[in-house]
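**Q** Structure in structure tokens, see below.
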Amino acid sequence: MIPNFEPGKWFAQCVGIDIAKSTFTACLCMYEFDMGCSTAPVVFNNNKTGFNQFVKWSRKEALKGHPLRYLMEPTGVYYEQLAYHLSKLGLDVCVVLPNKAREFAKYEGILTKTDDMDAYTLGMMGCLDKRLKRWSPPSPIFRELRQMTRFVADINKVKTELRNHLESLTNSETAEKSIVKHYNKLIDEIDKQLAANEKAIREKVKQETGLAERIDHVVTIKGIGFMTVITVLAETNGFALINNRKQLTRYAGLDVPAHQSGPVDPKRHISKQGNVHIRTALYFPAIVSTQFNPQMKDFYTRLCQKNPQSKMVGVTATMRKLLLLIYSLWKSGEEYDPKRDNPLCAKTKERG
């Protein structure tokens, strides 16, 4: 503790946790007004033994009689076991999106990027940010759907590679018939597995009360299919961690950071620092929407007229618009009505 540091009404303490695959780094921070202190960062194994050692360490180091918070980022799937472990013990666990931690570090002037510094930054953030909400384990249905939709994405990549190899082989001077046959059998088997997986997804959705009906409302958007909606819901846990549209676009990596300074206003791009699975799921629906959805087609055409050298700008903006539209309809429980301006959907209109 800091000498003469007397914890009072505004005292806060938080353990910042930086997760890696096999280990995690923890740092306990204590703060009140402009006074603060922290422990040296400690590394634990990312397994059950490490979890128990970590909890014992944190309770020993923390000041007794004051609330203790644990803060981490959703690093892939490697944070989940620790988050579940702490939650089962009834501890105050918070999981913040990476962009929030980056913004906090930037505001505090923290430029160093190491595991130790990341743990310290998260610990400080947990002490100072009173808006953080307690983490609740994802709904089992969305956790299972996420695994199933990611299987679809992964196996489709394999299928694309096989098709490319097959096309190359069949266009060569001489193609060995047995190898062509093997490729075709593999592709057929993948199609069967994909069909079986989608059937299992639909059956699982029907088992959850009210879920199928809400999804049916969202898929009234022309160009958006069942699997696209399921992927977005699975990756956002039914939008449980999302509080507003700005946060959603950042989570998906579809936000466009501005770097304008004086007369210099460089060409802007999406950050691509969010969930790649959501962006992948929205890409083809966006292209389809620009052709068959009149509202999206008009929106895309206007953007292409302003950016004739890069039609990808229009596609990306359409992806973002579709994502926000899915979010609005999911929250409102309404169907998409292209003949009227839905008050919720109107907020998703993009500036040209």
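The values are calculated or read from the model by the stated rules, or taken from the named source; none is laboratory data. Only a predicted model underlies this, so the values are computations on that prediction, with no experimental measurement involved. Here the Cβ is made from the backbone with ideal geometry for all residues, glycine too, and neighbour counts use every protein chain on show. Side chains are part of the model used for accessible areas, which takes the heavy atoms of the whole protein and leaves out ligands, DNA and RNA. Shrake-Rupley method; radii C 1.70, N 1.55, O 1.52, S 1.80 Å.
**Q** If amide H atoms are built 1.01 Å from N in the plane of the peptide, which residues on other chains or at least 5 residues away come under 5 Å of the amide H of Ala20?
**A** Thr25
**Q** Mind giving me the nanometre distance, one decimal, between the label points for Phe292 and Val276, set 7 Å out from Cα along Cα→Cβ?
**A** 2.8
**Q** Could you tell me whether the stretch 99-160 comes out rounded, prolate or oblate from its Cα gyration tensor? Rule is a ≥ b ≥ c as square roots of the eigenvalues, rounded for a/c under 1.5, then prolate if a/b exceeds b/c, otherwise oblate.
**A** Since a/c reaches 1.5 but b/c is at least a/b, the shape of the stretch 99-160 is classed as oblate.
**Q** Taking the Cα centre of the chain as origin, sum charge times position over the Cβ atoms of Lys and Arg (+1) and Asp and Glu (-1), and report the length of that vector in debye to the nearest 20.
**A** Roughly 620 debye for the chain.
**Q** OK, next. Which of the three applies to the stretch 25-128, rounded, prolate or oblate, going by the alpha-carbon gyration tensor with a ≥ b ≥ c and a/c under 1.5 meaning rounded?
**A** Oblate is the answer for the stretch 25-128, as a/c is 1.5 or above yet b/c matches or exceeds a/b.
**Q** Mind checking which aspartates and glutamates have their Cα closer than 18 Å to the Cα of Lys199? Skip sequence neighbours fewer than 8 apart in that chain.
**A** Glu144, Asp154, Asp188, Glu189, Asp191, Glu208, Glu213, Asp216
**Q** Hey, another quick one. Share of the chain's accessible area from carbon and sulfur, percent, 1.4 Å?
**A** Exposed carbon and sulfur together represent 52 percent of the surface.
**Q** So how do 172-185, 24-37, 311-324 stack up, highest first, on mean other-Cβ count within 10 Å?
**A** The densest-packed peptide leads the list: 311-324, 24-37, 172-185.
**Q** Follow-up. Considering only Cα-Cα distances, which of the following residue pairs are longer than 25 Å: Lys222/Lys331; Lys60/Lys88; Lys21/Lys204; Lys60/Lys100; Lys311/Lys339?
**A** Lys21/Lys204; Lys60/Lys100; Lys311/Lys339
**Q** Rank Met72, Tyr84, Tyr107 by how far each Cα sits towards the positive end of the charge dipole of the stretch 37-141 (+1 on Lys, Arg Cβ; -1 on Asp, Glu Cβ) and give me just the farthest.
**A** Positive-most Cα among the choices belongs to Tyr84.
**Q** Continuing with the same structure: GNM on the chain, C-alpha springs below 10 Å: top fluctuator among Ala234, Ala252, Ala196?
**A** Its mean-square fluctuation being the largest, the pick is Ala196.
**Q** Is the shape of the stretch 88-210 rounded, prolate or oblate, going by the alpha carbon gyration tensor and its root eigenvalues a ≥ b ≥ c, with a/c under 1.5 for rounded and a/b larger than b/c for prolate?
**A** Here the stretch 88-210 falls in the oblate category.
**Q** Aspartates and glutamates within cross-link reach of Lys185: Cα-Cα under 18 Å, excluding same-chain residues under 8 positions apart?
**A** Glu161, Glu167, Glu176
**Q** Further question: How high is the relative contact order of the chain? Use alpha-carbon pairs under 8 Å, at least six apart in sequence, and give a whole percent.
**A** Relative contact order for the chain comes out at 13 percent.
**Q** OK, next. Return one whole number: the accessible area per residue of the chain in Å², for a 1.4 Å probe.
**A** For the chain, the per-residue accessible area is 57 Å².
**Q** Another question about this same structure. Compute the length gained on full extension between Glu203 and Lys60: take 0.36 nm times their separation in residues and subtract their Cα-Cα distance, giving the result in nm to one decimal.
**A** 46.7 nm is the gain from fully extending Glu203 to Lys60.
**Q** Which length gain, in nm to one decimal place, applies between Asn52 and Ala20 when the Cα-Cα distance is subtracted from 0.36 nm times their residue separation?
**A** Here the answer is 9.8 nm.
**Q** Using R₀ = 25 Å, calculate the FRET efficiency as 1/(1 + (r/R₀)^6) where r is the Cβ-Cβ separation of Ala153 and Met312; round to 0.05.
**A** 0.75
**Q** Next up: Quick one: what do you get for the chain if you divide its Cα Rg by 2.2 N^0.38 Å?
**A** 1.18
**Q** What full-extension length gain, to one decimal in nm, is calculated for Arg143 and Leu89 as 0.36 nm per residue of separation minus the Cα-Cα distance?
**A** 17.4 nm
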